[in-house]
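Enquirer: Mind having a look at this structure? Questions to follow.
The values are calculated or read from the model by the stated rules, or taken from the named source; none is laboratory data. Note that the coordinates shown come from a computational prediction; the quantities given were computed from them, not determined experimentally. Counting neighbours? That spans all protein chains shown, and the Cβs are built from the backbone with ideal geometry, glycine included. In case anyone asks, the SASA skips ligands and DNA or RNA and just uses the protein heavy atoms, side chains included. Shrake-Rupley method; radii C 1.70, N 1.55, O 1.52, S 1.80 Å.
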Amino acid sequence: MSDKVVTRFAPSPTGFLHIGGARTALFNWLYSKHTGGKMLLRIEDTDRERSTDAATAAILDGLSWLGLTWDGEPVSQFERAPRHRDVAEELVRLGKAYYCYATPAELEAMRESARAKGLPPRYDGRWRDRDPSEAPAGAKGAIRIKAPADGETVVHDLVQGDVR
């Protein structure tokens, strides 16, 4: 693994660059320049109904107006979808992810139940250890990461410290 710092800014092209996005881009640009690294620009255009070319152009114009540059060409997240699908399916094959067939209504019920208990919305894992053959006929399913069910996962972040 390289010791070079690589940051990225990943705006969603569903509207103009806003102050929060500008702040994130500025932080990532400054950090990459400070460390002699790179800042990449990845356009999060997977929301095909709301993403527009005009919004992408407005974001690029906004970054340029701020004097922020990025290394290489902007990457379209949507264009990389086949690669992401391959990796997700490999994780399923390795047992590190699974198909979830919960319906939108079931997911909303889980969110409401958590809110009623004063908890953050959370998926309850109902498909984690079930066989996909139990899925309703014609259900497409979504791939979920099979994170540890017990214990605590801690990631040391250089900015935020330990994140649990």
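Enquirer: Anything in the stretch 46-59 that is within 20 Å of the chain's Cα centre (by Cα) and hydrophobic (A, V, I, L, M, F, W, C)? List them, or say none.
Expert: Those that are within 20 Å of the chain's Cα centre (by Cα) and hydrophobic (A, V, I, L, M, F, W, C): Ala55, Ile59.
Enquirer: Do you know which of the residues in the stretch 67-104 that are within 17 Å of the chain's Cα centre (by Cα) and of a type in the set (A, V, I, L, M) is surrounded by the most Cβ atoms within 10 Å (Cβ to Cβ)?
Expert: Out of the qualifying residues, it is Ala97.
Enquirer: So which residues in the stretch 53-66 are under 17 Å from Arg8 (Cα atoms) and open to solvent by less than 60 Å² (accessible area, probe 1.4 Å)?
Expert: Answer for the stretch 53-66, where residues must be under 17 Å from Arg8 (Cα atoms) and open to solvent by less than 60 Å² (accessible area, probe 1.4 Å): Thr56, Ile59, Leu60, Gly62, Leu63.
Enquirer: Mind checking which pairs have a first residue in the stretch 113-128 that is under 24 Å from Val92 (Cβ atoms) and in contact (Cβ under 8 Å) with a residue 24 or more places away in the chain and a second that is assigned to a helix (DSSP H, G or I) and of a type outside the set (S, T, N, Q), Cβ under 8 Å, 6 or more apart or different chains?
Expert: Arg126/Glu106
Enquirer: Check off (1) farther than 23 Å from Arg23 by Cβ; (2) at pLDDT 95 or above for Leu66 and give me the number that stays unchecked.
Expert: For Leu66, the exception is condition (1).
Enquirer: One residue is enough: does the stretch 128-142 have a residue meeting the conditions hydroxyl-bearing (Ser, Thr, Tyr) and either touching a Phe, Trp or Tyr at 6+ places or on another chain (Cβ under 8 Å) or over 24 Å from Arg50 (Cα atoms) (or both)?
Expert: Restricting attention to the stretch 128-142, the residues satisfying the condition of being hydroxyl-bearing (Ser, Thr, Tyr) are 133.
Cutting the leftovers down to either touching a Phe, Trp or Tyr at 6+ places or on another chain (Cβ under 8 Å) or over 24 Å from Arg50 (Cα atoms) (or both) gives us 133.
Yes, the stretch 128-142 contains a residue that is hydroxyl-bearing (Ser, Thr, Tyr) and either touching a Phe, Trp or Tyr at 6+ places or on another chain (Cβ under 8 Å) or over 24 Å from Arg50 (Cα atoms) (or both).
Enquirer: Take the stretch 9-41 and flag every residue that is assigned to a strand (DSSP E or B) and either modelled with pLDDT under 95 or open to solvent by less than 60 Å² (accessible area, probe 1.4 Å) (or both).
Expert: Of everything in the stretch 9-41, those that are assigned to a strand (DSSP E or B) and either modelled with pLDDT under 95 or open to solvent by less than 60 Å² (accessible area, probe 1.4 Å) (or both) turn out to be Phe9, Met39, Leu41.
Enquirer: Only residues that are under 16 Å from Leu107 (Cα atoms), within 21 Å of the chain's Cα centre (by Cα) and open to solvent by less than 80 Å² (accessible area, probe 1.4 Å): list them for the stretch 128-152, please.
Expert: Correct list: Arg128, Gly141, Ala142, Ile143, Arg144.
Enquirer: Can I ask one more? Taking the criterion of being modelled with pLDDT under 95, in a loop (DSSP other than H, G, I, E, B) and not charged (D, E, K, R), would at least one residue in the stretch 79-93 satisfy it?
Expert: No, there is no match, as no residue in the stretch 79-93 is modelled with pLDDT under 95, in a loop (DSSP other than H, G, I, E, B) and not charged (D, E, K, R).
Enquirer: Filter the stretch 105-120 down to the residues that are open to solvent by 40 Å² or more (accessible area, probe 1.4 Å), in a helix (DSSP H, G or I) and more than 20 Å from Ala139 (Cα to Cα) and list them by number. Please lay out each step first, then the result.
Expert: The initial filter retains those residues of the stretch 105-120 that are open to solvent by 40 Å² or more (accessible area, probe 1.4 Å), namely 105-109, 111-113, 115-120.
Filter once more, so that each one left must be in a helix (DSSP H, G or I): 105-109, 111-113, 115-116.
The answer is Arg111, Glu112, Ser113, Arg115, Ala116.
Enquirer: What are the pairs, 6+ residues apart or on separate chains, where a residue within the stretch 89-112 that is over 17 Å from Pro132 (Cα atoms) has its Cβ under 6 Å from a residue that is modelled with pLDDT under 95?
Expert: Close Cβ pairs (under 6 Å, with a partner that is modelled with pLDDT under 95) amount to Met110/Asp124; Arg111/Pro121.
Enquirer: On to the next question. Exactly one of (1) at positive phi; (2) in contact with an Asp or Glu (Cβ under 8 Å, 6 or more places away or on another chain) is unmet by Val163. Its number?
Expert: Among (1) at positive phi; (2) in contact with an Asp or Glu (Cβ under 8 Å, 6 or more places away or on another chain), the lone unmet condition for Val163 is (1).
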